[in-house]
Amino acid sequence: MEMVNLKDYVVALESGSRPKGGAVSNGIPSLGGEHINEYGGFNLEEDKLKYVPEKYFNSMKKGIIREGDILIVKDGATTGKCAYVGKDFKLKKACVNEHIFILRVNSDIIPKYLFYYLYSPIGQISILKDFRGATVGGISKNFINMQIYLPDLQTQHKTVQVLDKAESLIDKRKDQIKLCDELIQS
């Protein structure tokens, strides 16, 4: 396993935007920091979503979410929080607002491997090394200038399989705890 600079593998690092006047009540979902949870997933309850008009979305050159993207909160209290857009992402069309970075890498890195790395405590420390500001601080595009451990593709794939299995077991345990809580309350 070798140490490499992440910036050498990034093919896109972009943020989104919103039209003048901000979000609207219907259209195409526009995700912000509040839509990424602390477990690397999404908070996509219908009543919590914000939207941009479809016409605006169709004119966007950057900030459109695709499968395999890594989303990273770039400012505010949850700076560095990240999520992975997998095959199970439930929104067919979506974009990010100006508070989120979309990170895409070349074929030398499996995106989900990089997500797990950035989600880890080591990854979070590396992201937050670029943190600037006091009241509403954040990170710049320069956060990708970080050293990461990069094994060969086969090892990346095996790592993702193991971590996916562990994540699945954790999710099942959370569901069991929730059901137990509901039973106790009844």
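The values are calculated or read from the model by the stated rules, or taken from the named source; none is laboratory data. Bear in mind that the values here come from a model prediction, so they are computed numbers and not experimental data. Counting neighbours? That spans all protein chains shown, and the Cβs are built from the backbone with ideal geometry, glycine included. Each accessible area value is taken on the protein alone, full model and side chains, heavy atoms only, with ligands, DNA and RNA left out. Shrake-Rupley method; radii C 1.70, N 1.55, O 1.52, S 1.80 Å.
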- Message: Among G63, A77, N106, which residue has its Cα furthest toward the positive end of the charge dipole of region 1-116, with +1 on Lys/Arg Cβ and -1 on Asp/Glu Cβ?
- Response: G63
- Task: Can you spot the aspartates and glutamates whose alpha carbon is less than 16 Å from K74's alpha carbon? Ignore those fewer than 8 places along the same chain.
- Result: E14, E34, E38, E98, D130
- Query: How much solvent-accessible surface does S25 expose, in Å² to the nearest 10, with a 1.4 Å probe and all protein chains in place?
  - Reply: 100 Å²
- In the chain, with Lys and Arg counted as +1 and Asp and Glu as -1 at Cβ, which of these residues, N145, A23, N43, has the Cα nearest the positive end of the dipole, that is, farthest along it? A23
- Query: N145 to S15: extension gain in nm, 0.36 nm per residue of separation minus the Cα-Cα distance?
  - Reply: 45.1 nm
- Quick one: if the Förster radius is 25 Å, what FRET efficiency do T155 and D88 give, using the C-beta to C-beta distance and rounding to 0.05? 0.55
- Task: Of the listed pairs K141/K172; K62/K178; K7/K61; K7/K81; K81/K165; K7/K48, which have alpha-carbon separations greater than 30 Å here?
- Result: K141/K172; K62/K178; K7/K48
- Task: For the chain, count the residues as N, evaluate 2.2 N^0.38 Å, and divide the Cα radius of gyration by that value, please.
- Result: 1.09
- Message: Over 10 Å intervals from 0, what percent of Cα-Cα pairs in region 42-115 sits in each interval?
- Response: 17, 50, 30, 3
- Query: Once you sort the root eigenvalues of the Cα gyration tensor of region 87-138 as a ≥ b ≥ c, which label holds: rounded (a/c under 1.5), prolate (a/b larger than b/c) or oblate (the other case)?
  - Reply: oblate
- Item | Peptides 112-121, 44-53, 169-178 ordered by average Cβ neighbours within 10 Å, highest first | 112-121, 44-53, 169-178
- Note on the structure: Partner lysines whose C-alpha sits under 18 Å from that of K55, ignoring same-chain residues fewer than 8 away, are K20, K92, K93
- Message: As a test of reading the structure, rank S30, S140 by solvent-accessible area (1.4 Å probe, protein chains only), most first.
- Response: S140, S30
- Percent relative contact order for the chain, counting Cα pairs under 8 Å at least six residues apart, stands at 27 percent
- Once the Cβ-Cβ distance between K61 and N26 is put in as r, and R0 is 25 Å, what FRET efficiency do you end up with, to the nearest 0.05? 0.65
- Query: Of L183, L71, which has the most accessible area with a 1.4 Å probe, and how do the rest follow in descending order?
  - Reply: L183, L71
- So how much accessible area does H99 have, in Å² to the nearest 10, using a 1.4 Å probe? 60 Å²
